[in-house]
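Right, one structure below, let's go through it.
The values are calculated or read from the model by the stated rules, or taken from the named source; none is laboratory data. This is a predicted model, so every value here is computed, not measured. Here the Cβ is made from the backbone with ideal geometry for all residues, glycine too, and neighbour counts use every protein chain on show.
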Amino acid sequence: MTAETRTFPPYRLPGWAWHLALVAAVAAWVLVYRQLSPLAEAMTALLPVARDSHAGEAIAFFLYDVPKVMMLLTLIVFVMGVVRSWFSPEKTRALLSGRREGVGNVMSAGLGILTPFCSCSAVPLFIGFVSAGVPLGVTFSFLIAAPMVNEVALVLLFGLVGWTVALTYLAFGLGIAIVAGFVIGKLRLEGWLQDWVREINAGTAAPPEDDAPTLVGRYKLGIRAVREIVAKVWVWILLGIGIGALIHGYVPEALMARIMGADAWWSVPAAVLIGIPMYTNAAGVIPIVEALLGKGAALGTVLAFMMSVIALSLPEMIILRQVLTLRLIAVFVGVVASGILTVGFLFNAIF
Amino acid sequence: MKNVKVYGPGCARCESTAEMVRQAAEKLGVVVEVEKVSDAKSIAMAGVMSTPGISIDGKLVHAGGLPDAARLEGWLSA
């Protein structure tokens, strides 16, 4: 086999055709996206229900929101898939190793968003980082940011709640990852790792650098990311928006405002506590977020719940138990939970 | 015979990777022994930070995500 055929599967199309197809796809995307609202109205009008009835409200909402969120998700996941092809855990580790706290935490949280990461490899990644001289606090910044600030959560917030909330979530999510990692670093808890983790000298035999993929190869990685992620989350999105549509049409507003509204201060800690044993991804939490918001729950409370579900999960702690002592896990949960509480209270105060 | 190790905690992708290795080997007529390594310590020791990872005769060739089918055949026939 020659080196040439080994780089990537043979392209059926020349590079320029791919670029052209991409431009055409983006143009088509923009055109369709701008017509979504009139299209949804037109389709609702075809159905034998009055537009201003409960059912009409619910159907119009569903027909508009589902394609909108799916289109946004496809675009953003594709873009992130392409961007992530420039990053890898090995490169991130090289960038972070020996980095000082502070700057290191900021870089680490940012790289947490950009580096391809699956929570199933959290433990090998943790060991790989720590044993290559990435400070413990910097490693934690990465491990907090990577699952919490992800494109699925941001797209859903943007599509269903609005861009101000999505941006604020991004900023506060990064903030929590940076500050929590910094605090954990300052506490000097390296001694609280499991003994074998400190002694182990993890192999740094990184796999050979992939022959730098071409731009077309990166497009393909983006398409693969879209297929994988959309296949995983579309059920949740349909379910979430379906529930949202029912609420939109039928449930009187402010039903739960008194229990989960901004005035009930204890609702934020309660949301964080309830969120810990729940384990799901950003898409899975959306039906609940949708339902809570629809019933008049305060935004800060709902976001605190969402962050708690995503960033603090019991199964993940059980996995991390292999490398961290219970004391260290307790500190991790305590620091992150305090951060989420702060964000919840701030949001309730601001919005 | 080639000794192929597939590193991964046992997620769906790791299973598919092991299956891809077997199929590619069969297609190429290469005799392989596929071994699954699921212990976190051993995975880390091998230098794998994102799973699934693949090593062939002790040499790490891939880490993170499903391997590309064409490249996999390249590694197996090398």
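The figures follow:
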item: Hey, residue A:143 more than 30 Å from residue A:32 (Cα to Cα), in the same structural domain as residue A:199 (by TED's automatic domain parsing), at pLDDT 90 or above and not hydroxyl-bearing (Ser, Thr, Tyr) or not; result: yes
item: Members of the range A:292-330 found to be touching a strand residue (DSSP E or B) at 6+ places or on another chain (Cβ under 9 Å) and either outside any loop (DSSP other than H, G, I, E, B) or within 30 Å of residue A:241 (Cβ to Cβ) (or both), listed by number; result: A:317, A:324, A:328
item: Checklist (1) at pLDDT below 75; (2) surrounded by 19 or more Cβ atoms within 10 Å (Cβ to Cβ) applied to residue A:298, failing item; result: (1)
item: Flag for residue A:112 being surrounded by 18 or more Cβ atoms within 10 Å (Cβ to Cβ), within 14 Å of chain B (Cβ to nearest Cβ) and over 17 Å from residue A:321 (Cα atoms); result: yes
item: Criterion: aliphatic (A, V, I, L, M) and touching a residue at least 40 places away in the same chain (Cβ under 8 Å) - qualifying residue of A:103, A:66; result: A:66
item: Filter result (in contact with an Asp or Glu (Cβ under 9 Å, 6 or more places away or on another chain) and not hydrophobic (A, V, I, L, M, F, W, C)) within the range B:1-46; result: B:2, B:3, B:5, B:8, B:9, B:27, B:36
item: Helices (runs of 4 or more DSSP H) completely within the range A:172-284 that count 1 or more residues being modelled with pLDDT under 90 and not assigned by TED's automatic domain parsing to the domain that holds residue A:321; result: A:215-250
item: Any chance residue B:43 is within 9 Å of chain A (Cβ to nearest Cβ), part of a helix (DSSP H, G or I) and buried (at least 16 other Cβ atoms within 10 Å of the Cβ); result: yes
item: Leading residue by the ranking (farthest from the other protein chains (Cβ to nearest Cβ)) among those in the range B:1-40 that are among the polar types (S, T, N, Q) and touching a residue at least 12 places away in the same chain (Cβ under 8 Å); result: B:3
item: Failed item in (1) under 11 Å from the mean Cα position of the chain (by Cα); (2) facing chain A (nearest Cβ under 8 Å); (3) farther than 26 Å from residue A:93 by Cα, with residue B:53 passing the rest; result: (3)
item: Residue within the range B:56-72 that is assigned to a loop (DSSP other than H, G, I, E, B), modelled with pLDDT of 85 or more, under 22 Å from residue A:94 (Cβ atoms) and within 11 Å of chain A (Cβ to nearest Cβ) present; result: no
item: Only listed residue being within 14 Å of chain B (Cβ to nearest Cβ), under 25 Å from the mean Cα position of the chain (by Cα) and closer than 27 Å to residue A:180 by Cα, chosen from A:129, A:140; result: A:129
item: Residue selected from the range A:75-99 under the condition hydroxyl-bearing (Ser, Thr, Tyr) and crowded, with 20+ Cβ neighbours inside 10 Å, by the criterion nearest to residue A:225 (Cα to Cα); result: A:85
item: Members of the range A:119-143 found to be more than 12 Å from residue A:108 (Cβ to Cβ) and among the β-branched types (Val, Ile, Thr), listed by number; result: A:123, A:127, A:130
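Results for (1) closer than 25 Å to residue A:221 by Cα; (2) β-branched (Val, Ile, Thr); (3) outside any loop (DSSP other than H, G, I, E, B), shown as yes or no for each residue.
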residue: A:30; (1), (2), (3): yes, yes, yes
residue: A:57; (1), (2), (3): no, no, yes
residue: A:72; (1), (2), (3): yes, no, yes
residue: A:75; (1), (2), (3): yes, no, yes
residue: A:78; (1), (2), (3): yes, no, yes
residue: A:110; (1), (2), (3): yes, no, yes
